[in-house]
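The numbers here are math on the coordinates, done by the rules we state, and not lab data. Only a predicted model underlies this, so the values are computations on that prediction, with no experimental measurement involved. Quick reminder, even Gly has a Cβ in these numbers, built from the backbone with ideal geometry, and neighbours come from all protein chains shown.
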Amino acid sequence: MHVEFKSPSKASALFLLTVMVVLGVFPLDVLLPSYPALADAFGMKLNEVTFFVATFAIGFSISQIVVGPLSDKYGRPIMLKVGLTVSLLGITGCLLSPSEAAFALARVVQGAGCGCFVLAQAIVQDAFTAEDRQRIRIYLLSLSGICISVSPLFGTYLQYMLNWQGSFYVFAGLAVILLGQTLLFFPALQGQPVPSRSQKLEMLKRYTDIFTFKPFVYSWMTSAMAFSCHFGFIAISPIIFLETLRVSSLTYSFVLLAYGGAYVVGGLLATRLSKSLAIDAQIKVGLALSGLSGLVMVAMIQFQLSIATVAVPMIICTIGTTLVRPAAASRAMEMFSEKAGASSAAGGTIMFVTAGVVSVVLSLAPFPPLESLSGFILIATILGYGFNKWAVGEGSTLGSVPSK
């Protein structure tokens, strides 16, 4: 995709956002092929490594609660710089961890630092004109899908060359580049005051307004159900492919390459459908595809256990997910457009807390992983329909959003 900018600052902003997207796949997707090595390093079972995904999600979710509203008040630059610095501290802790507990704690710190990535959408809003924003968001969505596609393959290469520490080394290098770009692109912010008690109470009231507005919460829970199907699969995919199906790391990487390709196709399809379908209709189509994928997986499990048993249904599910998530999120964000940072953070927290819990439950469930995954997809589809219906119903009965 070719995007032209007349201002050098826009080119700098695009580079910054590009690095943010690339950096975002390292804590989870690039690390996937290193699950067996991490299990060996800390004397764990393979399914227990999923716990490190949950600890990262906890740190990521909690930090968004702080990053969002503070960025609304003090600006994006200072929060991005602080977040990157914290993530580098977490990476250092991961590399030096002598035990499983220390590594899990360092992952919480890393996740807390990565919470600043929630500011990407706000930076698009700040740095680009209305004419550019849609093209930039399409570019970022496509880039995200490409990164998800190639990250396991890259992770396999890093595992071969540098063991499980490889993805952390590269993350640290990219974080330093991004931090340097942030210092150059954004003006220095000095003398920022510490939030007073009244300001903290204001932040609390802001979140109270957001989290008690049912249409907002139900819309984000609709998105969370779709996202959890993707996140849960990614979290347990090493268990499915490397342990259950016993495929090679290279084969596993190529399977996820195809899966990521479906993510890109789904994103492009969502962009096209958004021009002709209402948000509610787009969500229902996406949920129907997710439900179909669960049924297909259940049926295929009965006949054979193979790569296709997993890949085919999940490709269908991913297309459904990419239809649901942006539509539900857009509807929610419009409810608090003047509190974009806080509402984005609140929505991200709802999604990642839900997805983190789901990933742990799936990895520890007393059922074969494919049966657990297919069952969850069907449950998530039903819940998604319910949350979407409640969001529409509550929105029509409650009327206007709370005072901004």
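Points worth noting:
- Separation in nanometres of the label points that stand 7 Å from Cα toward Cβ, at Leu305 and Ser12: 5.6 nm
- With θ taken as phi - 60° and the Karplus curve 6.51 cos²θ - 1.76 cosθ + 1.60 applied, the whole-hertz 3J(HN,Hα) list for the range 108-123 is 4, 5, 4, x, 4, x, 5, x, 5, 5, 5, 7, 4, 5, 5, 5 Hz, x standing for glycine and proline.
- Orientation-averaged projection of the range 253-337 equals 6.1 nm² [convex hull of Cα atoms, one quarter of hull surface area].
- ³J(HN,Hα) computed for each position of the range 215-220 - Karplus, 6.51 cos²θ - 1.76 cosθ + 1.60, integer Hz, glycine/proline x: x, 5, 5, 5, 5, 5
- Highest-fluctuation residue, Lys214, Lys389, Lys73 considered, GNM on the chain with Cα pairs under 10 Å: Lys73
- Karplus (6.51, -1.76, 1.60) ³J(HN,Hα), θ = phi - 60°, over the range 373-387, in Hz, Gly and Pro reported as x: 5, 5, x, 5, 4, 5, 5, 4, 5, 4, 5, x, 4, x, 4
- Average projection area in nm² (convex hull over Cα atoms of the range 1-160, one quarter of hull surface): 10.0 nm²
- Highest-fluctuation residue, Phe117, Phe154, Phe254 considered, GNM on the chain with Cα pairs under 10 Å: Phe254
- Only DSSP H runs of four or more residues enter the estimate; each adds -39500 (n - 2.57), and after division by the residues of the chain the mean residue ellipticity at 222 nm equals -27500 deg cm²/dmol.
- Using alpha carbons only, the radius of gyration of the chain set against its Kirkwood radius gives Rg/Rh = 0.95.
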